[in-house]
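J.: Take this structure first; my questions come after.
Every number in this text was worked out from the coordinates using simple rules, so none of it is lab data. Here the structure is a predicted model, which means the values were calculated and not measured. Counting neighbours? That spans all protein chains shown, and the Cβs are built from the backbone with ideal geometry, glycine included.
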Amino acid sequence: MSWNETAHEVHDFEVNNIGGKWVVTDSYGFLLEASREAAHMFNLTVTGLRRRQLLVFFGGEREQWHEALRAAACGRKVDRKGTFRPRDRRPLLVRVEITRARNWPYEGALLWTFAETESFEAVAS
């Protein structure tokens, strides 16, 4: 693990109790569901996101994102920062928390919650 990620033992998280930008993936990173806010961040519709591979939206460090995915699948809470690349938009710096999705029909589902930290334009100025 690097300076920009942590992992802790946690209990499952209840998907229905959150708002904001979130997606649910299977344990391989394929998108199962998303909030409207997350779909807007991806520059896609909720339906358009389903069955896409989430990790392709992260710029660089894909192996570290894959490790974070595996850690979350093993029951750890992962908190990580990185570059998110929406479709046909400028990249964003985001903070992502990954936990197990509780009460989800697919047992190995993972909940990813996103918080934008800043855009690259803000960093450049």
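J.: Inside segment 87-111, can you point out the residues that are of a type outside the set (A, V, I, L, M, F, W, C) and more than 19 Å from Leu32 (Cβ to Cβ)?
T.: Asp88, Arg89, Arg90, Pro91, Arg95
J.: Mind checking which residues of segment 73-99 are more than 18 Å from His40 (Cα to Cα) and either charged (D, E, K, R) or without any contact (Cβ under 8 Å) to a residue 60 or more places away in the chain (or both)?
T.: Across segment 73-99, the qualifying residues are Ala73, Cys74, Arg76, Lys77, Asp79, Arg80, Lys81, Glu97, Ile98.
J.: Turning to a different aspect of this structure: Restricting to segment 70-84, count the residues that are buried (at least 17 other Cβ atoms within 10 Å of the Cβ) and farther than 23 Å from Gly19 by Cβ.
T.: 3
J.: Suppose we filter segment 29-61 for residues that are surrounded by 13 or more Cβ atoms within 10 Å (Cβ to Cβ), in a helix (DSSP H, G or I) and in contact with a helix residue (DSSP H, G or I) (Cβ under 9 Å, 6 or more places away or on another chain); how many remain?
T.: Of the residues in segment 29-61, 9 are surrounded by 13 or more Cβ atoms within 10 Å (Cβ to Cβ), in a helix (DSSP H, G or I) and in contact with a helix residue (DSSP H, G or I) (Cβ under 9 Å, 6 or more places away or on another chain).
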